[in-house]
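Quick note: the coordinates plus some simple rules give every number you see, no bench work behind them. Because the structure is a prediction, the values reported are computed rather than measured.
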Ligand SMILES: Nc1ncnc2c1ncn2[C@@H]1O[C@H](COP(=O)(O)OP(=O)(O)O)[C@@H](O)[C@H]1O
Ligand SMILES: [Mg+2]
């Protein structure tokens, strides 16, 4: 069996995964850089976190799966998109291991990895993909050898909007700000009116963030609402916009399936809304849990394998990283 | 017309909140509406119904549906008045979120382009002549798309959801494009808004149709050449270059 080891470190999650050519996930472990409440993660500190944990994580992955480095056929790493310094510290490690172990390297697009992992886990054939994370918000559909971006945010990502609001109301970043907002939102009752902005399949979130920030800081107005109400209203508004645009893409492309990937994709309220949407149009929805939804190494390994089996490897001097790397830049050779 | 349907015992129904749609056929279900074809006294017509979205909070849902029905009706009227081919409005039933309009007999531009593409493909039965013709038809229809959008924009209407599924061909003729689905439309004089409108079309177009870079260029050329205000059109297309760049440059991670 061909085995690929995947390395992910484009944001605050460091992940190592080992995947077999039949899609078996042999190992998938993660170490997350968590900052104190009210603080986001800075590139420099995140890179330092990754550097100090990556070797131990690689060793643990091999040990847990009873494998030696000799059993690994190929190393796959995230080329981008992501934060520069964390991406680079992982790429440097991969270059070193490649020379030490004498293994080929495959450079992977992070967004493509999310999509392919989602398809692997759920068995979705040709879904409209709602890719929602801290850095990305895209509605994607496969056509003519590319994952095409049908719609996206015109300003900030949905996860970024949630994370920044979590900082405003000073709730913990552990396990993730989005998870904690979700828990508070369950107790919310009153819907606060927030801007709702969709343009075709594009969405805009920055107006929502500034308007809810203002409200949260307004002591007089906050006599009427609880923090739970705000979390609830924020989720209802953001997710309605996402589900609406995803449905528009499904209708336009004539697709019956929808797959949510990326960190926000494991939000249960979002999944519930997607289910309600597809049940009204005789479609099918696919969701994955946090092990595979949140950034992880196995997804990079699997996407790397798909390229590797088609004969793609990345020469050492091209194993660079890039902060900007769009989903539709990758030629998809493994689908028809 | 004050009555739309009468029951057996001749009880007259109000034109508002008509609950049943007699002999209706569901044509399609888009992102927010169901479209039915019905027969009204021998006239074929379309009923577009924005149904309640189960996933959306009821307050939000009602607000959005109400606003979009209004936008759709306003823009259809304004286009019609100014000689842009859109379905004629027949009735608006606000309480049941329904718009009744003229039925357009013809395929979508999306389907038309697919058909052309199939014909232009080399097979044992196609001749070079059919291929050339199919190619010319694609160019012609793109020129027409550009010209008509330029006229819509000149009225300061931004469509908001320009795709080839939202353009129909009256009698399947490529010179009779009918624009539909104005639910996301709004009035704006801003170059930026019109440029984004073209950007929405560009992405949907390039993702749906093969060989589309060339065809889309035809749309843009015609948009500028045939615009009632060519200088404004030029500024919109310059803006489009910036809008595109913004998309590509966007920092994206995680
Ligand atoms: N006036 C019409 N005549 C004929 N067909 C129509 C008409 N309006 C809509 N349709 C059909 O219904 C589909 C959906 O209508 P549309 O207004 O685009 O709603 P949606 O918002 O659901 O996309 C169109 O793609 C077209 O096939
Ligand atoms: Mg439509």
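Before moving on, here are some points about what is shown:
- Alpha-carbon gyration tensor eigenvalues x 5, square-rooted, for the range A:215-271, Å: 32, 12, 7
- Alpha-carbon spread of the range A:94-217, three principal axes, descending order, Å: 57, 37, 26
- Over chain B: Kirkwood hydrodynamic radius from C-alpha pairwise inverse distances, Å: 20.0
- Residue of A:219, A:79, A:103 that the Gaussian network model of chain A assigns the largest fluctuation, springs spanning Cα pairs under 10 Å: A:219
- Listed residues A:13, A:44, A:70, most fluctuating in chain A (Gaussian network, C-alpha, under 10 Å): A:70
- Shape category assigned to the range A:77-134 from the gyration tensor of Cα positions, a/c cut at 1.5: oblate
- Rounded to the nearest 5, the antiparallel percentage of DSSP beta bridges internal to the range A:126-288 is 60%.
- Using alpha-carbon coordinates, inclination of helix A:227-253 to the longest axis of chain A, degrees: 60
- Gyration tensor (alpha-carbon) shape descriptor, the range A:126-288, a/c threshold 1.5: prolate
- Nearest-ten-degree value, helix A:158-168 long axis tilted from longest Cα axis of chain A: 60
- On Cα atoms only, tilt of A:206-217 relative to the major axis of chain A in degrees: 60
- Structure remark: mean-square fluctuation, Gaussian network model of chain A, C-alpha springs under 10 Å; the largest value among A:180, A:102, A:275 belongs to A:102.
- Quotient of Cα Rg and 2.2 N^0.38 Å for chain A, N being how many residues it contains: 0.99
- Translational diffusion of the protein assembly as shown was estimated from the Stokes-Einstein equation, with Rh taken as the Kirkwood radius over Cα pairs; at 4 °C and 1.567 mPa s the coefficient is 50 µm²/s.
- For the range A:292-336, the square roots of the Cα gyration tensor eigenvalues, ordered a ≥ b ≥ c, give a/c below 1.5, which places it in the rounded category.
- Convex hull volume of the range B:91-188 per residue (C-alpha atoms, cubic angstrom): 112
- Mean ellipticity per residue at 222 nm, deg cm²/dmol - from DSSP H runs of n ≥ 4 across the protein assembly as shown, formula -39500 (n - 2.57): -14500 deg cm²/dmol
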